[in-house]
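Asker: Here's a structure for you.
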């Protein structure tokens, strides 16, 4: 695969396609879970790979390619400003600001009673700030310092968002 | 040391100042680089001009000839200029990123509004003339007594109740206009267009791959143009009176009304071209697509909701 | 020894720190002691720990369809400079970063660095947008004598030149499109990547609509309707590029 990275960086689209096929599921998973929507996740996944194609010539192998690729995916997903209209109507107040401690318990609590949610579905219902931190920390394994730096907030902020996410998930999953 | 989670009251899509907003105002000002909380006078037909880069703009209106501004910015510096006829609010960066900015403004019902955001939603209720734009945020405007202009690139745009016409565009978002009186111009590239309860003499819609849905009353002197490349066009029109010009290259055409071809219809050309009248003619309707399907339905003549 | 007793509220607020492993020994002991004697908090701890563990083990998701064709189309849709039409534009061009030009695989039109500068120095650079859809359909159009010259093979390089078309109005469109693309290329670094992506994606949608219209028109050149239809989509392209050129910068 090292060979494919070098080939793709010099413009070989076949090699880039091989890289795509090897990594698309992981990138897609990050995008879907961070934004809470499969449709938007597919769009973001495309954006990630287009961005990777453009930035490949600058990748100098300081880290492993998959690590670098996932960073790009996280970055694209974090900067996704398009609030889904479905999400918008479901929540009283958009809280993209991860310092927003309050805000709608909203959609998770509003999930229909009696319907057993699985973890994947419950994650999608979390408010955006909490969801992103949860996905990055508990699903993808980034540290609070790394997450805080990416999101431009303090690790204290990410820790409280994480706790909030876990508590909301617990409530949603124990119905 | 235990933490309480504050549950926000379920407010409608944010057009009124919510209790949450009041809480934010009550929180320590240390969280924000700059903030403004003030009320100034503005003549009833004055202009309110709001712009920010990242963050939300929420505007409501009232009967007072005053503008109340509650603005905060994480790292930007707010700039606020007032005169009896104009209030301007903007933000600039000190060094580096501005972070999130938020404006909550109440203005006189009959004021003119200009509200622009780059990333972040713009929501407004009221105004005699509203120009609301964003690049990646959604734009939602309600209750304009005059003309509304709304624009976004990737966000959704919507206008409900405008009496002086609407010009709306978005590239990939959804475009929804309902209960509109006056001229209508709606454009998207891939977003769907939905026009409901329209009472207009001039409607023009254009899209490349989005679907178009129209329902409204027709002015016998009016002109209604619907254009798409691959998106479907669905028109619900009352049986009053209209002359239709329907053309598509490879789409299907269906109509609740009998399509008696007029002399001069080009039947031999590739694709479908039909010109026909309903109820003795009147309003001129043209629906054209390349590959999108075109459907003409008979509506029950929905009257405009008041 | 200080035997700290915790109540349930205290435990809940200590929980995140405990799960991170950041509590000191005494507090950790206190947490465990409380949990041993309190069914409610034991349940809380177990459920949250289960969520954390399940999250780590979530299997990867798969997109509903193959996204490669669209990605491939987008990475080939970069503007590629060939020859400048107006000499006045040459200096503007020099400021566009070479990175924006490379791409498009084995095709003959990949320029980088010094080569690009050399081309720029000569008068007469035209921007031509190349898309894969155009390449395939342009071949179809030329074989029917539709008027585009210089189209290369459909599959291989994926580049096609659409400059000489029959109607002069098309040339006007092409010129305006080219000028706008210059401006958009220059401003690209001022806009956020998501917006750029949306514009690129929609340019591809319009370009394939243009290609479809051209192909249909080539088969039926006298159709007034198809002519109008083509002009319509070209208008949409101009409008979109104009929108992109006028977008406010992100800072």
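Asker: Residues B:120, B:90: which one is out of contact with any helix residue (DSSP H, G or I) (no Cβ under 6 Å at 6 or more places or on another chain) and either surrounded by fewer than 21 Cβ atoms within 10 Å (Cβ to Cβ) or more than 26 Å from residue C:193 (Cα to Cα) (or both)?
Answerer: Details: B:120 fails: either surrounded by fewer than 21 Cβ atoms within 10 Å (Cβ to Cβ) or more than 26 Å from residue C:193 (Cα to Cα) (or both).
On inspection, the qualifying residue turns out to be B:90.
Asker: Among (1) more than 28 Å from the chain's Cα centre (by Cα); (2) in a strand (DSSP E or B), which single condition is residue B:251 missing?
Answerer: Unmet condition: (2).
Asker: In addition: Only residues that are surrounded by 15 or more Cβ atoms within 10 Å (Cβ to Cβ) and more than 7 Å from chain B (Cβ to nearest Cβ): list them for segment C:222-234, please. So that I can check it myself, show each step before the final result.
Answerer: Keep residues of segment C:222-234 that are surrounded by 15 or more Cβ atoms within 10 Å (Cβ to Cβ), which gives C:223, C:225-227, C:229-234.
Passing the criteria: C:227, C:230, C:231, C:234.
Asker: Turning to a different aspect of this structure: Can you tell which of C:52, C:17, C:48 is within 9 Å of another protein chain (Cβ to nearest Cβ), modelled with pLDDT under 90 and under 21 Å from residue A:168 (Cβ atoms)?
Answerer: Details: C:52 fails: modelled with pLDDT under 90; C:48 fails: modelled with pLDDT under 90.
None of the other options fit; the residue is C:17.
Asker: Select from segment A:2-46 the residues that are in a loop (DSSP other than H, G, I, E, B) and at the interface with another protein chain (Cβ under 7 Å from one of its Cβ atoms) and list them in ascending order. Quick ask: steps written out before the conclusion?
Answerer: Quick first cut of segment A:2-46, residues in a loop (DSSP other than H, G, I, E, B) only: A:10-12, A:36-37.
Scanning segment A:2-46 gives A:11, A:12.
Asker: With (1) buried (at least 19 other Cβ atoms within 10 Å of the Cβ); (2) facing chain B (nearest Cβ under 9 Å) as the list, and residue C:249 as the residue in question, which single condition is left unmet?
Answerer: Unmet for residue C:249, out of (1) buried (at least 19 other Cβ atoms within 10 Å of the Cβ); (2) facing chain B (nearest Cβ under 9 Å): (1).
Asker: Let me ask another. Could you say whether any residue in segment A:153-172 is more than 14 Å from chain B (Cβ to nearest Cβ), at pLDDT 85 or above and assigned to a loop (DSSP other than H, G, I, E, B)?
Answerer: no
Asker: Now for a different question. Mind telling me which of the residues B:230, B:265 ends up being modelled with pLDDT of 90 or more and closer than 22 Å to residue C:232 by Cα? Walk me through how you get there before you give the answer.
Answerer: Working: B:265 fails: modelled with pLDDT of 90 or more.
B:230 is the lone residue from the list that is modelled with pLDDT of 90 or more and closer than 22 Å to residue C:232 by Cα.
Asker: Another question, if that's okay. Considering only strands (runs of 3 or more DSSP E) fully contained in segment B:94-165, which possess at least 1 residues that are under 26 Å from residue C:240 (Cβ atoms)? Walk me through how you get there before you give the answer.
Answerer: Values: elements: B:101-108, B:112-119, B:122-125, B:129-133, B:139-144, B:147-151, B:157-162.
In segment B:94-165, B:112-119, B:122-125, B:129-133, B:139-144, B:147-151, B:157-162 are the strands (runs of 3 or more DSSP E) which contain 1 or more residues that are under 26 Å from residue C:240 (Cβ atoms).
The values are calculated or read from the model by the stated rules, or taken from the named source; none is laboratory data. In this text the structure is predicted, and so the values were computed from the model without any measurement. Cβ: placed from backbone, ideal geometry, glycine included. Neighbour counts: every protein chain shown.
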